[in-house]
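Asker: After the structure tokens below, expect a handful of questions from me.
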Amino acid sequence: MNSDIFALTYEARSVRVFDEERLPSKELLCHFVDCARVTPSAGNMQVLKYKVCCDADTVKQLRPLTRWAGYIKDKKLPPDGKEPTAFIVICHDKSIGAVTPFTQMDVGIAAQTVNLAAREAGFALCMIGSFDKDGVRKLFDLEDDLEPQLVLAIGAPAEEPVICSVDETGSIKYFRDSADIHFVPKRSLEEILL
Ligand SMILES: Cc1cc2nc3c(=O)[nH]c(=O)nc-3n(C[C@H](O)[C@H](O)[C@H](O)COP(=O)(O)O)c2cc1C
């Protein structure tokens, strides 16, 4: 079935190569957060807070605190000069409620909502779960109650990853071919329907 939401979701791949010449404005980044603001939330507690960052100096300091593409060993990603130009750090505000397993669900819902909003606006992101939490906390001088959960690295996409099928080896590891195209194996609909 074709639908706008399927097309947008299909396009909204994790991007790790960016065009540093085209920057998302602070206003646009705040619009992405506004989309996340109105998503479902466990108990409607709305425990998430967002640090939006697009000034060049802070972005430069945040980049080395993030870890990218663990399956790809033979290439630096993002490449120098093709790095994200903005970040949104999703934090849990413990002053509203304790961190629970539902926190992670709220974070995922918010992150994918930002992903879709970014794509719709011609930008792209990579969710970064592997990052230096203490470094991020320090960089933004976050209060003790704010627990960084997920970093969204955002920019103008300079690559279009391609979805492929999981082959007979069963590997789900993303890979890049000799033309440096990034492929993401996805299980088939038949396989995931129980
Ligand atoms: C919760 C979460 C954490 C992730 N953390 C990282 C990360 O630390 N570094 C990275 O390069 N990609 C990270 N990713 C991106 C995944 O590798 C990516 O979603 C996966 O390869 C599938 O590609 P796709 O998003 O294009 O479908 C993360 C994705 C999610 C959902």
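The values are calculated or read from the model by the stated rules, or taken from the named source; none is laboratory data. Keep in mind that this is a model prediction, so the values were computed, not measured. No Cβ is skipped: glycine too gets one built from the backbone with ideal geometry, and neighbour counts run over all protein chains shown.
Asker: Is it true that THR100 is more than 13 Å from the ligand (Cβ to nearest atom) and either of a type in the set (Val, Ile, Thr) or within 19 Å of HIS31 (Cβ to Cβ) (or both)?
Answerer: yes
Asker: Can you tell me which residue in segment 110-128 is nearest to CYS53 (Cα to Cα), limited to those that are β-branched (Val, Ile, Thr) and assigned to a helix (DSSP H, G or I)?
Answerer: Among those that are β-branched (Val, Ile, Thr) and assigned to a helix (DSSP H, G or I), it is VAL114.
Asker: Would you be able to say whether some residue in segment 38-45 is within 17 Å of GLU147 (Cβ to Cβ), in contact (Cβ under 8 Å) with a residue 40 or more places away in the chain and of a type in the set (S, T, N, Q)?
Answerer: Yes, that holds for at least one residue.
Asker: Residue check: is ASP74 surrounded by fewer than 19 Cβ atoms within 10 Å (Cβ to Cβ), within 13 Å of the ligand (Cβ to nearest atom) and more than 14 Å from ASP34 (Cα to Cα)?
Answerer: So ASP74 does not fit the description; no.
Asker: Wholly within segment 1-74, which helices (runs of 4 or more DSSP H) include no fewer than the required count, namely at least 2 residues that are more than 18 Å from the chain's Cα centre (by Cα) and not β-branched (Val, Ile, Thr)?
Answerer: 4-11, 56-62
Asker: Taking ALA36 as the residue in question, decide whether it is touching a helix residue (DSSP H, G or I) at 6+ places or on another chain (Cβ under 8 Å), small (Gly, Ala, Ser) and within 16 Å of the ligand (Cβ to nearest atom).
Answerer: yes
Asker: Would you point out the residue of segment 169-194, among those that are assigned to a loop (DSSP other than H, G, I, E, B) and either at pLDDT below 95 or within 15 Å of the ligand (Cβ to nearest atom) (or both), that is surrounded by the most Cβ atoms within 10 Å (Cβ to Cβ)?
Answerer: Looking at the filtered set, the residue picked out is TYR174.
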